[in-house]
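Colleague: First the structure, then my questions, so here it is.
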Amino acid sequence: MADAPPGPKGEPLFGASRKYADDPFAFIEALEDVYGDVARFQMGPMETYMVTDPTAIERILVSEADRFRKPDFQDDALGDLLGDGLLLSSGETWQQQRELANPAFKMGRLMGMADRVTGHAESMVERWSPGQRINAETEMARVTLDVILDLMMGVELSEERVQTVQNQLEPLGQRFEPDPIRFAMPDWVPMPGDEEFESAVDTLDGVLEEIIDARRGTEGPSDIDRVASGGESDVPMDFLSILLRARERGDQTPQQLRDELMTMLLAGHDTTALTLTYTWFLLSEHPEAKRRVQAEVDEVVGEDRPNMDHVREFEYLEWVINEAMRLYPPVFTIFRTPEEPVELSGYEMPAGATLMLPQWGVHRSERFWDDPANFDPERFSPERRADRPRFAYFPFGGGPRHCIGKHLSLLEAKLIVATVVGEYDLVFEGETPLELMPSLTMHPRQEMTMRLDPR
C-alpha cells in the first residue's frame, strides 16, 4: 500500500489554517517548493491534500473525473450564495443544467456576439477622457458585467442597478477570505460579517427577480431599461431565455432558475474582469510588451472596429492574456473530493479527503516554468509550450467541469483590450508590488489606479 504524503505539522484545533490565512499564496508556494507533487496538512478539522503534479491533476479533472466530486465544505456560505447552480451542482442535476446551458455558450453563437462585446467596450471608452485616473478593476468589472447581462440574460440595467450589483461584491468577497476561526467553528456559529453577507445576497436576489420579471414579459421596474434579443434568431438563445423556456415546460424550478442566474451574474463577469485588470497592470509594468500589443492591434484592426475576424489574427495579445492568467490566476485554487480511496503521485488518499489543486502553485512552479515570476508572454508560443505538461497551466480548470464560459471570457478579453488600446495607453499609478486578496477569486488589495494617456 502507498504511503500517506508528507506535510507540515499544524497547531491543535487550527492545524495549518492560521498560516494559510495569513498568506495563502506564500503558504502554497512553500508547500510546493518543499514537498513537490503532494503535501498533506490540516485546515482546521479538515484533512487537506495539496496536489501540484500536472499528471495527477489531469487524472482528477479529466481522465478519472467521475471518481471525484465537489467537496461538501462548499455547501455552506457558497451554497447560500450560488445554490445548486452549475458551479456547485453535481450528478444528474449538473448534467441537466450543463446541457441546458451549452447552446448559449456555443462558439458559433459567441462569434455572432462579438460586435455587441465591442459595443460595450466602446461605451466604456466613451465615458473616459484623456488624463483621467480610473480604477481599472472597477471599470473592467463594469464592462464585463454589462456584457454578461446582455449576452447571457438579454437585459441592460440602469446605472443605479449596476451600481447596486457592484456594491454587493465587497461584502460577498469578505465572507470568503480565509479565517482560521471559521475553519475551526461549526457552520451554525454566528461570525462577524454574516449579516452583511446575507444582506448582499438578498439584494442581488432582488435584482435577479427584476430581471426575470422583465424577461417574462411582465411589467418590470423602471430601471430595467432594455430587454434585448436582437442579433439572434426568432428564438433567443441567451441563457435566461433557455432557462425560462425550460421553466415553462416544467424542467426548471424557480430555485434552479435563481441559482443559475446568480452563478452567471457573479462568476460570469468577475474572472474576466480580473484577467483584464492584471493584463493592464502587467502591460503598464512592461512597456516593450505594451508596445508590441499596440503594434499588433494597430496592424490587425487598423481603422476598423475590433471584430471576430481580428480576434482570430491576434497572436501576441493572446499570449499576453495567457501570461496574465498564469501569473495572476483569478481562480487561484480549486477543490475536489475522491469518492473512494485513490493513489495519486505514489501516495494514498482516503475517500472524502479534500484535494486542493492550486493554480497559483502550479503556474509559478520552477519545475514547469523557466523564471516563473518573470512576465514572459512568449512562453506561450507553440515552440516553447510543446514540451510543457498539459496541466502545468489550467486557469479554467479542465475536463467535463471546465469553465463553460472559457471561450466567452477569452473573446471578451481580446475585444476589450483591442478597443481600449486603439484609444488609450493605460499607465499604472498604484502601489507596487501588488498585494493579493484571497477570496472566491484573487483580487488586488490596493486600488488599481490607471492614468489614461491618449494615443
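The values are calculated or read from the model by the stated rules, or taken from the named source; none is laboratory data. None of these values were measured; they are calculated from a predicted model. Here the Cβ is made from the backbone with ideal geometry for all residues, glycine too, and neighbour counts use every protein chain on show. The area values use the complete protein model at the heavy-atom level, side chains included, leaving out ligands, DNA and RNA. Shrake-Rupley method; radii C 1.70, N 1.55, O 1.52, S 1.80 Å.
Colleague: What are the trypsin sites (Lys or Arg not before Pro) within the range 300-379 that DSSP puts in a loop, where the Cβ has at most 15 other Cβ atoms within 10 Å?
Modeller: Arg367
Colleague: For the residue pair Gln166 and Gln95, what label-to-label distance in nm results when each label sits 7 Å from Cα along the Cα-to-beta-carbon direction?
Modeller: Distance between label points: 4.2 nm.
Colleague: Let me see the pair-distance distribution of the range 1-153: every alpha carbon pair, 5 Å bin width, integer percents in order.
Modeller: Here the calculated profile for the range 1-153 is 2, 7, 10, 12, 13, 13, 13, 13, 9, 6, 2, 0, 0, 0.
Colleague: May I pose another question? I need to check one value: relative contact order of the chain, counting alpha carbon pairs closer than 8 Å and at least 6 residues apart, in percent.
Modeller: Relative contact order here is 27 percent.
Colleague: Percent of Cα-Cα pairs more than 15 Å apart in the range 356-455, please.
Modeller: Across the range 356-455, Cα pairs with separations above 15 Å total 76 percent.
Colleague: On full extension of the chain, what length is gained from Ala4 through Ala373, given 0.36 nm per residue of separation minus the C-alpha to C-alpha distance?
Modeller: Result: 129.7 nm gained on full extension.
Colleague: What label, among (i) 63, 54, 40; (ii) 58, 58, 47; (iii) 72, 51, 43, belongs to Cα extents along the principal axes in Å computed from the structure on display?
Modeller: The value matching this structure is (i).
Colleague: Now for a different question. Quick check for you: with a 1.4 Å probe and neighbouring chains kept, what is the accessible area per residue of the range 39-122, in Å²?
Modeller: 40
Colleague: For Thr253 and Asp213, calculate 0.36 nm times their separation in residues minus their Cα-Cα distance, and state this gained length in nm to one decimal.
Modeller: Stretched out fully, the Thr253 to Asp213 stretch lengthens by 12.9 nm.
Colleague: Starting from a Cα-only point model with no solvent, please compute log10 I(q)/I(0) by Debye for the range 1-47 at q = 0.14, 0.27, 0.28 1/Å.
Modeller: -0.33, -1.04, -1.09
Colleague: By per-residue mean of other Cβ atoms within 10 Å, what is the highest-first order of 266-276, 108-118?
Modeller: Going by the mean number of other Cβ atoms within 10 Å, highest first, we get 266-276, 108-118.
Colleague: Relative contact order of the range 335-416, please, whole-number percent, based on alpha carbon pairs below 8 angstrom and at least 6 residues apart.
Modeller: Normalised by residue count, the contact order of the range 335-416 is 18 percent.
Colleague: Counting pairwise Cα distances across the range 131-185, what percent come out greater than 18 angstrom?
Modeller: Of the Cα pairs, 50 percent sit more than 18 Å apart.
Colleague: Once you have a ≥ b ≥ c as the square roots of the Cα gyration tensor eigenvalues for the range 26-102, tell me rounded if a/c is under 1.5, and otherwise prolate or oblate according to whether a/b is larger than b/c.
Modeller: Judged from the Cα gyration tensor, the range 26-102 comes out oblate (a/c at least 1.5, b/c at or above a/b).
Colleague: How large is the charge dipole for the range 299-455, taken about the Cα centre, if only the Cβ atoms of Lys, Arg (+1) and Asp, Glu (-1) carry charge, to the nearest 20 debye?
Modeller: 500
Colleague: Once the dipole of the chain is set up with Lys and Arg at +1 and Asp and Glu at -1 on Cβ about the Cα centre, which of Met191, Pro236, Ala136 lies farthest towards its positive end?
Modeller: So the residue we want is Pro236.
Colleague: Let me ask another. If r is the Cβ-Cβ distance from Arg312 to Glu126 and R0 is 25 Å, what FRET efficiency results, to the nearest 0.05?
Modeller: About 0.45, to the nearest 0.05.
Colleague: Just subtract the alpha-carbon distance of Arg133 and Arg390 from 0.36 nm times their residue separation and send over the number in nm, one decimal.
Modeller: Difference between extended and current length: 88.6 nm.
Colleague: May I pose another question? Relative contact order for the range 1-113: what is it in percent, counting Cα pairs under 8 Å that are at least 6 residues apart?
Modeller: 16
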